[in-house]
Amino acid sequence: MIVVTHGSGRSVAEYRSAFGSFADEHRCVVLCPLFPMGVRGNGYADGYKNILEGDIRYDEVLLAMIAELEEAAEYSFGRFHLFGFSGGGQYAHRFFYLHPRRLASVSIGAPGMVTRIDSERDWWFGTRDLQTVFGTSLSLKDMRRVPVQMIVGAEDVEDPVPARLRPLIETLGPVGRDRIERLQLLKENYEENGIAVRMDLVPDVGHEGLKVIPTVLDFLRLQVSE
């Protein structure tokens, strides 16, 4: 199974179609969840990106979707491949911290904000309080066995941080001027913690999720052929 997580624009149908031929070729099921907007009545659209919105756990929402599909298909998919771009990239790497044992691989595409492995800062800036917030501890041992791709367009150079968050973000130290630098810093953070990362900078591409898909499929092709 390949789970493809949308960004803020929620282009679910487009992502589904982009993975169709690959799924047919490799006999994969592609699940493209559509996470809702404004579920708490406040119009907020980004709750899924940080996994937690009030009492809603979007990691558990995805796992429930998979369980429902497995029951309908009478088949257990086991570990699955997870890809997300932009807001989906935020979701994907945070899900990775909570459920590395569920993942066969993870591809993290151009997140605007990132959560580093950091035992001195709380969620979502760091991972110090995972046990308190989510009832689980970070398992670097399990994370190290998951193949990781980080991917971003070479022209994705606009600062994605809203002005209202900039003062807070700057208190965290170097966070990068754009998605490229932000992902590079996350890569270095992973490698400092013993997690190997394949970094792909896609030429002539800005913040365009569908245009990075061929390189994501190159990565996935290596995983499904093993």
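Where a number appears in this text, it was derived from the coordinates with a stated rule and is not lab data. Values in this document were obtained by computation on a predicted structure and should not be read as measured data. Don't worry about glycine lacking a Cβ; one is built from the backbone with ideal geometry, like all the others, and counts go over all protein chains shown.
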Cross-link reach from residue 141 to lysines, straight Cα distance under 20 Å and at least 8 residues apart if same chain, gives 187
Give the relative contact order (percent, whole number) for the chain; include only Cα pairs under 8 Å separated by 6+ residues.
18 percent
Under the Karplus curve 6.51 cos²θ - 1.76 cosθ + 1.60, θ = phi - 60°, whole-Hz ³J(HN,Hα) for the range 196-210, x wherever Gly or Pro sits:
6, 9, 9, 9, 10, 9, 8, x, 6, 10, x, 8, 9, x, 5
Mind jotting down the distance between the C-alpha centroids of the range 1-60 and the range 191-226, whole Å?
18 Å
Which order do peptides 157-170, 208-221, 8-21 fall in by mean Cβ count within 10 Å, highest first?
208-221, 8-21, 157-170
With θ set to phi - 60°, apply the Karplus curve 6.51 cos²θ - 1.76 cosθ + 1.60 along the range 148-164 and write out the HN-Hα couplings as whole Hz, x wherever there is a Gly or Pro.
10, 10, 10, 9, 7, x, 5, 9, 8, 10, 7, 6, x, 7, x, 4, 5
